[in-house]
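Participant: Can you read through this structure? Questions will come right after.
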Amino acid sequence: MSYTNQTEIAIIAGGCFWCTEAVFLELKGVVKVAPGYIGGVSPNPTYKEICTGQTGHAEAIQIEFDPKLISYAELLEVFFATHDPTTLNRQGNDVGTQYRSEIFYTNENQKKIAQDFIEWLNREEVFPNSIVTKISEASKFYVAEDYHHNYYNSNKEQGYCSFIISPKIEKVKKVFKDKLKE
């Protein structure tokens, strides 16, 4: 698959970045996914610091994508289908502000698309409860330590990966098969 030279950046937080990275690596049009930290006050945070919940950062992913192959709206569709956007600061057993659901827009068009998408999801009552996903302007994104990159694919047999991430990957393969890489 060849990509155009016109890529864009999307930044989302939907719980553990091992999960979100694994999901978005499966999608055609996604050039690169980097796990990291955003939305906090401490410069150059580490994973250990993030885990305390004291830095204000969210575990997030920065997605480089080709909008000719996958749109920002399609990325949001996958995002909302693969995490619970109705729980505040929690995804399953992962609890704390670092696991919040948040969209960090990089331009005004992304902001509008995200706002419209959330309004539609709430209006159509897609979820049984209201969406708590925040929409914020992107601030500095800090790339996570090397061992977090491609974590799922490097650790599929680990308990968290097989019990938490694998079912998300299977859902993506079933629900979004037309959006998967070959």
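Derivation of every value follows stated rules applied to the coordinates shown; laboratory data play no part. The model shown is predicted, which means the values in this text are computed figures rather than measured ones. Please note: Cβ atoms are built from the backbone with ideal geometry, for glycine as well, and neighbour counts cover all protein chains shown.
Participant: Under a Cβ-only charge scheme (Lys and Arg +1, Asp and Glu -1), can you give me the dipole magnitude of the chain about the Cα centre, in debye to the nearest 20? List each step's numbers first, then the result.
Facilitator: Details: 19 positive and 24 negative charges, 36 e Å.
In total the dipole reaches around 180 debye.
Participant: Further, regarding this structure: Compute the relative contact order of the chain as a whole-number percentage, counting only Cα pairs closer than 8 Å that sit 6 or more residues apart in sequence.
Facilitator: Working: 325 pairs, mean separation 56.3, N = 182.
Here the relative contact order equals 31 percent.
Participant: Relative contact order of region 1-102: what whole-number percent is it, with Cα pairs under 8 angstrom and at least 6 residues apart? Mind dumping the intermediate values first?
Facilitator: Details: 185 pairs, mean separation 38.6, N = 102.
Reported relative contact order: 38 percent.
Participant: May I pose another question? Set Lys and Arg Cβ to +1 and Asp and Glu Cβ to -1, take the dipole of the chain about its Cα centre, and tell me which of N5, C16, A138 lies farthest positive.
Facilitator: C16
Participant: What shape does region 22-134 take by its C-alpha gyration tensor, where a ≥ b ≥ c are the square roots of the eigenvalues and a/c under 1.5 counts as rounded, a/b above b/c as prolate, and the rest as oblate? Write down the numbers at each step before the final one.
Facilitator: Values: a/c = 1.77, a/b = 1.21, b/c = 1.46.
Oblate.
Participant: Which one of Q158, Q54, Q62 has the biggest mean-square fluctuation once the chain is modelled by GNM with Cα springs under 10 Å?
Facilitator: Most flexible of the set in this elastic network: Q158.
Participant: I would also like to ask the following. Which residue fluctuates the most in the chain, going by a Gaussian network model with Cα springs under 10 Å, if the choices are K28, K168, K156?
Facilitator: With Cα springs under 10 Å in the chain, the top fluctuation among K28, K168, K156 is at K156.
Participant: Which of F79, F24, F127 ends up with the largest GNM mean-square fluctuation for the chain, with Cα atoms connected below 10 Å?
Facilitator: Taking springs between Cα atoms under 10 Å, the residue moving most is F127.
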